[in-house]
Amino acid sequence: MAEFPKLTYEALTVGETFLSDDHLVTPEDIEAYAFAVEDHHPWFFGPSPFGGPVAHPTLMANQALHMRHGKYIVHAGLHAKMEFAFLQPIEPGMRVRSRGRVIDKYVRRGRQYMVTEYVTEDLDGTPLVRGRFTQMLIPEGTRHGGH
Amino acid sequence: MAVTEALAVGQELPVLEKEPSQRRIDVYSGVRPRSIHTDEDWARQKGFRTTLAQGMMSTAYVSEMMTRQLGAGFVKGGTISMAFIKPVYAGDRLTVHGVVKELRPEAGQTRIVVDVWCQNQHGEKTAVGTASGLRA
């Protein structure tokens, strides 16, 4: 049985890797996302320059962001920075997964950060989105307290 | 949706208005206990006045602005780089802004680089960065 240790700055290793579950992108995913971000562009629901419908380019970002939850219990955190490169459209019916690697961790002004590089790809390994995100770790028993 | 308008450095893109309600945040983030996005008590325990929208919702807003402006050249070939500098709380009202920063040749097309930011109802910037896309 897999163990899920608590994510702490000390436990985190630069170079360690994460892998998401596979996910089938459905029209319902796109509909829900459109509601959440108030973006009902017609290409998400009908013909597009790529043929049929495409998903919002940022649709699968949470799959990447949550990769660490497949390995650790995450107490709390804040997203500090995000970079995306949209390489190929994500389309409904695709099965996609995200793979990531911790490329840095650091402490700045007393706050702990981790930096992860990732790619979201289809199951043939075709890269769809590449990105990098920086997350602040809020240690257990502490408050962020800045706002 | 045809995209034909010419762009010039310094040009402002049409401003978007967004209202990340708790309901929208719930759908975006998934409702979970012990989440600063969907559990108000937990958010307060962590030092926030109420629940927060995920920072990435702001990248989705910028994605919409860029897709409306650049179309397919953003969906395939676009980029976003943003820093989340202030929390966005449930119920905040945001405006999403873009100003063309640079036009750069790239593989027979033009990469259009845009300074982007989100601003809350108090006039405070909540996220800042750049986005880009290609135009033939």
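The values are calculated or read from the model by the stated rules, or taken from the named source; none is laboratory data. What you see is a predicted model; the values in this text were computed from it and never measured. A quick note on method: Cβ atoms are made from the backbone with ideal geometry, for glycine too, and the neighbour counts reach across all protein chains shown.
Data table
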item: Out of B:ARG135, B:ARG111, B:ARG68, sole residue that is modelled with pLDDT under 95, under 23 Å from A:ILE90 (Cα atoms) and among the basic types (Lys, Arg); result: B:ARG135
item: Criterion violated by A:PRO53 - all others in (1) modelled with pLDDT under 95; (2) touching a Pro at 6+ places or on another chain (Cβ under 7 Å) satisfied; result: (1)
item: Residue within region A:116-127 that is closer than 26 Å to B:VAL128 by Cα, surrounded by fewer than 20 Cβ atoms within 10 Å (Cβ to Cβ) and either in contact (Cβ under 8 Å) with a residue 40 or more places away in the chain or within 13 Å of chain B (Cβ to nearest Cβ) (or both) present; result: no
item: Residue, surrounded by the most Cβ atoms within 10 Å (Cβ to Cβ), within region A:62-72, restricted to residues that are at the interface with another protein chain (Cβ under 10 Å from one of its Cβ atoms) and not in a loop (DSSP other than H, G, I, E, B); result: A:ALA64
item: Region B:69-95: number of residues that are part of a strand (DSSP E or B), over 28 Å from A:GLY52 (Cα atoms) and of a type in the set (A, V, I, L, M, F, W, C); result: 4
item: Count of region A:40-61 residues which are more than 12 Å from B:THR59 (Cα to Cα), at the interface with another protein chain (Cβ under 8 Å from one of its Cβ atoms) and either part of a loop (DSSP other than H, G, I, E, B) or touching a helix residue (DSSP H, G or I) at 6+ places or on another chain (Cβ under 8 Å) (or both); result: 6
item: Residue in region B:101-108 that is among the small types (Gly, Ala, Ser) and either facing another protein chain (nearest Cβ under 10 Å) or touching a residue at least 40 places away in the same chain (Cβ under 8 Å) (or both) present; result: no
item: Any hit, region B:31-48, residues being within 7 Å of chain A (Cβ to nearest Cβ), crowded, with 22+ Cβ neighbours inside 10 Å, β-branched (Val, Ile, Thr) and closer than 12 Å to B:GLY133 by Cα; result: no
item: Residue selected from region B:33-68 under the condition outside any helix (DSSP H, G or I) and of a type in the set (D, E, K, R), by the criterion farthest from B:CYS118 (Cα to Cα); result: B:ARG34
